[in-house]
Every structure is written in structure tokens, then in C-alpha cells.
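The values are calculated or read from the model by the stated rules, or taken from the named source; none is laboratory data. Model, not experiment: these values are computed from the prediction. All Cβ positions, glycine included, derive from the backbone under ideal geometry; neighbour counts span all protein chains shown. In case anyone asks, the SASA skips ligands and DNA or RNA and just uses the protein heavy atoms, side chains included. Shrake-Rupley method; radii C 1.70, N 1.55, O 1.52, S 1.80 Å.
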Amino acid sequence: MSENLFAIFRGRFPADLSKVFLERPNGSVVTYADLTALSGQLANALKRLGVKPGDRVAAQVEKSAEALLVYLAALRAGAVYLPLNSAYTAGEIRYFLGDAEPTVFVCRPEVEAEMKALATEVGVPRVETLGSNGDGSLMEAARAEAPEFEDVVRTGDDLAAILYTSGTTGRSKGAMLSHGNLASNAEVLRDTWRFTPEDRLLHALPIFHTHGLFVATNITLMTGSTLIFLPGFNANEIIRLLPQATVMMGVPTFYTRLLAREDFTRDLAARMRLFVSGSAPLSAETHKEFQERTGHAILERYGMTETNMNTSNPYGGERIPGSVGLPLPGVEIRIADLQTGRALPQGEVGVIEIRGPNVFKGYWQMPEKTKEEFREDGFFISGDLGRVDERGYIYIVGRAKDLIISGGFNVYPAEVEAVIEAIPGVAECAVVGAPHPDFGEGVVAVIAPKPGAHLDEKGVQTTLANELAKYKQPKRVFITNDLPRNAMGKVQKKDLRDQYAGVFTAGGAS
Ligand code: AMP
């Protein structure tokens, strides 16, 4: 039997294909019948453009239902889908196209001329366009095609997608994900989070990233349920549509932005059964505030581009603020010494390592890099530091590269951030290390206060003096309006490190 992910989805589609797969904010819909016919037409169009099984189909487009259909068409054609962040510049796109060598690149109509020139430079044979309203040459080509398409037979190990990692250090790497990786994770999440065909998932995430593209979309297709599909996060729209939804998936900033609104009330969330958070740490404070406001405990989970989802707080059991929960069924997690790979006793902090059907097939055209990031027994070295409590719940304490070593002691930013975020008036904070002449590195805290709150360096330091061991206390505290974040709401610690690199050394300027 073919293990093509689309074929597996198709087996889960509702018997009545007139059921709605996707609803737009203006009320227009894509039914499961539309999805099947349109993705068939698009798959035929891709084939006519020269796409063969195993070829890459790259897309840098605005979020739209049609963009999702291109993903599904690529699966059906046996191609490898390569979504690109809509914020990438031409220079970045040149690198991705040159590296992945797609047969077809789909871009926004507005940049067609520029992208065509760039594609010619790097040898990409076809450039097509797709606009945010489903306009452009690709849909035009698809409309001329028949809706019937025989899905290309795939094994579970064949590639379904390449997603470039956010690449905060060095070159961005293409994580190769197979049909089997994606299918296994979608099935496990559907069951763990108890999805049913009646679910209506409010979708405001981007679809170039694993969270919006795979977690939210694949679960829906694996269940035969419905997406309420927003072009992006807009608090007014979320508040308007929440009463029509049963599930929402978001990054932590979605939840902090909702909490900042007085009209985000318990009543609005009354029909919801689940709020999921991931892609960046959800502070225990936000978790508690959300629960007080709505009565819902946000379910936090942990994943990454390379591995899909790894852990989740339980649906039925206790959801612990500040923890990313337990390993998902079928996923093995261990905490190991970063240098030696030796498994560490329960409770100790080490690197989180992951093995299971969810773990990717390696980095595209980087066999050496791939080898470096796997242990010999097949565990992937995530680069995240964490610990496990006596009940098996996992806590992330930060990326290994964000670890601060001050005076020879390890300082885990997440621990310091959690203490600072509990101070009244703190909206959010990030803790980084800056070179220090005596200590090697000194702890620096950058804090965004709540609207109207007044915080200052001395006051924060005095509060922390009783809360944290001396070596963990920030030697400098900076107050700012906003922390630098990427599209997934992740604080860009590298930017902060660069900005505050000089605070303890000569000149001392920030
Ligand atoms: P990405 O590959 O862009 O999805 O980034 C994956 C990284 O995001 C992980 O390696 C973690 O560092 C971080 N991450 C994802 N989910 C969480 C979470 N729930 N809590 C803390 N960090 C997270």
C-alpha cells in the first residue's frame, strides 16, 4: 500500500465530501470535494510543468487556502514541498533556491520579474505565481487541468518536505521530512489531543513553518475536521471568531496579546475545548493568567522543525505551567551530557535527545552536519537543554548555545526569566550572557514592562537579590518596549547578545 501522506489523509476524509475543510473569514469555504478536485488539478499542472517524483517544489507566497492546496498537490505528485518564510529577502531566496534546486518556484505576483531573474541565475527552470486571493499563473494553469490525478505511490521514507531551520547560527539547513515522519506525528497528535470530525480549529499561524503547516493542518486532514483560516494573527478577528471554534493553536505571543485585551473574556472561550501553545516558551505567568481569565489551562507542547512534535502536556491529566509535558507515544526522549552523550540521572540538566518515527531524515545535502547531530544509536541531539522531574514531565531551560557560564557556574536563562516574569509589572523578559572581564560572562536581563508599569534596574535587582543565587542575578537590567522576535514569536537572543555585548567590557555602552 502506498504510504503517500495524501493517500493516508484521503482515507480519513469525511464520507460526505461536501463537508467544509476550510472556512475563510469572509465566510467562503473550501469543501473536502473542492480540496480533492483542486489539488488534483494543481498536481496535474505541476506534472505538466515538469515536476517528477522526488523533485522539489518551492513556494514563497502569502498565506492562503490555495497555498495549502499547492502543498497537497506536491504530496500527490510525489514531489518534495519546500515552503519559504514570506519575510525572506531576495538574497536569502537565492541561497535556498540554489541549495534545494527546485523544478518549480512559486512566488508572489508582485515580485515575479525579480524572482524570474534570480531563478535564471541559479538554474531553476520554472517560476509561477500565486497571489493571496488565489490569483496568478499557477491557479490559471491548474484550472485548465482535469481534477482526476492518480497519487504517486510513496514509501514512508520518501521525502515529503524540506523545511529550512530558522538558522540563528551559520547557514540555514534544510530539514528533510518524510511522508512517514509527518503521518506518524499527525496520527499521534490527533489521538493525544482527542480530535474529532466536529472540531473547528482557529488557524492564525503562518504556513511556512511546522506549527501551522504540519501540526494544525495535518491533524485537521487526518481527522476530517475543519479549519477557520485567518491570513495571520489579528486579535479582533480571533475575538470575533473564537465562539465558532473548538480548538486554537498559537505561539505564546498570541496568548499574551489576547490577555492584553479587556474584551477577551471567559464567555468568548466558553465553547472551546483546547488551546495549544508551542514554538517558544510559554511563561508560567501567562499560563496562570490565562487560566484565571478563561478557565482553560493552555496545553503546552514542544517540537522543532527537525522532529515535528516531541512532547505534550496531557489532555486528560495535569498540565503543568512551565513544563512542556511528557514524551508523545512512540517518541523516546533522554537527557544526556552534551559533550559525551552519556544519559544523565533524573533531575539533572542536559541536552534533550530524541528518537522516534517523527525524527527527520537529515539535512539536505549536508551529510557531515547530519552525522554530527545524531548519536550512534539514532538519537537526535536537539540542542535544547532540559530536565525531567520525578513524574516524567520535561522542562526546557534554554538552547545550549544560550547557556550562560558566569564565574564557572551554569546559568539557565529560563530559570532566571521565570523568576523575573513573576515580578509584578513585568510583561516579559529575556536573559542573555555578555562577555565579562572577571566572570567570563555576566547575566543581562532585558525586560519589557506591562503598560503603565514602572520598573527600574535597581528595583528589579533588589527584588531578585532574595530570589536567586548571586551568580544567577543579572548584573545589568535593561528596560525596553519590545523584545526582538521572529515570525514564530521566538525571542532573537542572538540580536540581544549582539546589542548588549559591550556592557561589561571597555566602554560599557549598550
Ligand atoms: P523551530 O525549528 O523553528 O520550530 O524551533 C524549534 C525550537 O523552538 C526548539 O528547539 C525549542 O528551542 C523551541 N521550542 C519549541 N517549542 C517550545 C516550547 N514549548 N517551549 C520552549 N521552547 C520551545
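Assorted remarks:
- Multiplying the residue separation of Thr120 and Ile405 by 0.36 nm and removing their Cα-Cα distance gives an extension gain of 97.8 nm.
- Net length gained if the chain between Glu110 and Asn26 were fully extended (0.36 nm per residue, minus Cα distance): 27.9 nm
- Per-residue accessible area (protein heavy atoms, 1.4 Å probe) orders Arg273, Arg143 as Arg143, Arg273, starting from the largest.
- Set of region 316-353 residues, backbone N closer than 18 Å to the point 7 Å along the Cα-Cβ line of Glu376: 336-344
- Rough spin-label spacing in nm, given labels placed 7 Å along Cα→Cβ, for Ala284 and Ala33: 5.4
- Region 292-406 - accessible surface per residue (Å², probe 1.4 Å): 42
- For the residue pairs Lys361/Lys401; Lys450/Lys475; Lys369/Lys493; Lys173/Lys472, alpha carbon separations beyond 26 Å are given by Lys173/Lys472.
- The convex hull around the C-alpha trace of region 146-275, projected and averaged over every direction, spans 10.5 square nanometres.
- Three principal axis extents describe the C-alpha atoms of region 38-176; from largest down they are 44, 36, 26 Å.
- Point-to-point label distance, Ala270-Glu92, nm (Cα→Cβ direction, 7 Å offset): 4.3
- Extension gain, Asp135 to Asp157, is 4.5 nm, computed as 0.36 nm per intervening residue step minus the present C-alpha separation.
- Here region 115-172 is treated as an ellipsoid with the same Cα gyration tensor; its semi-axes, largest first and in whole Å, are 26, 22, 13.
- FRET E, pair Met1, Gln365, Förster distance 35 Å, beta-carbon r, rounded to 0.05: 0.70
- Whole-percent P(r), region 115-214, all Cα pairs, 5 Å bins from 0: 2, 8, 10, 14, 20, 22, 14, 5, 3, 1.
- Accessible-area composition of region 160-296, carbon plus sulfur, in percent [1.4 Å probe]: 50
- A protection proxy built from the mean count of other Cβ atoms within 10 Å ranks the segments 52-61, 283-292, most packed first, as 52-61, 283-292.
- Cα pair distances exceeding 21 angstrom across region 308-467, given as percent: 56
- The label point for Thr462 and the one for Thr340, both projected 7 Å from the Cα toward the Cβ, are 4.6 nm apart.
- With a cut-off of 14 Å between beta carbons, the residues surrounding Arg334 carry a summed charge of -3, where Lys and Arg count +1 and Asp and Glu -1.
- Residues within the reach of a label modelled at Gln492 (point 7 angstrom out along Cα to beta-carbon, backbone nitrogen below 20 Å), restricted to region 251-285, are 251-254, 279-281.
- Calculated P(r) tail over 15 Å for region 419-510, as whole % of Cα pairs: 59
- Surface analysis of region 1-97 yields an accessible area of 35 Å² per residue, using protein heavy atoms and a 1.4 Å probe.
- Placing unit charges on the Cβ atoms of the charged side chains and taking the dipole of region 350-504 about its Cα centre, the candidate lying farthest along the positive direction among Phe360, Phe439, Ile381 is Phe360.
- Net charge dipole size for the chain [Lys, Arg +1 and Asp, Glu -1 on Cβ; Debye, nearest 20]: 200
- Neighbour net charge for Glu198 - beta-carbon separation under 12 angstrom, K R +1, D E -1: +4
- Remark on the chain: hydrodynamic radius 23.9 angstrom, per the Kirkwood mean of 1/r across alpha carbon pairs.
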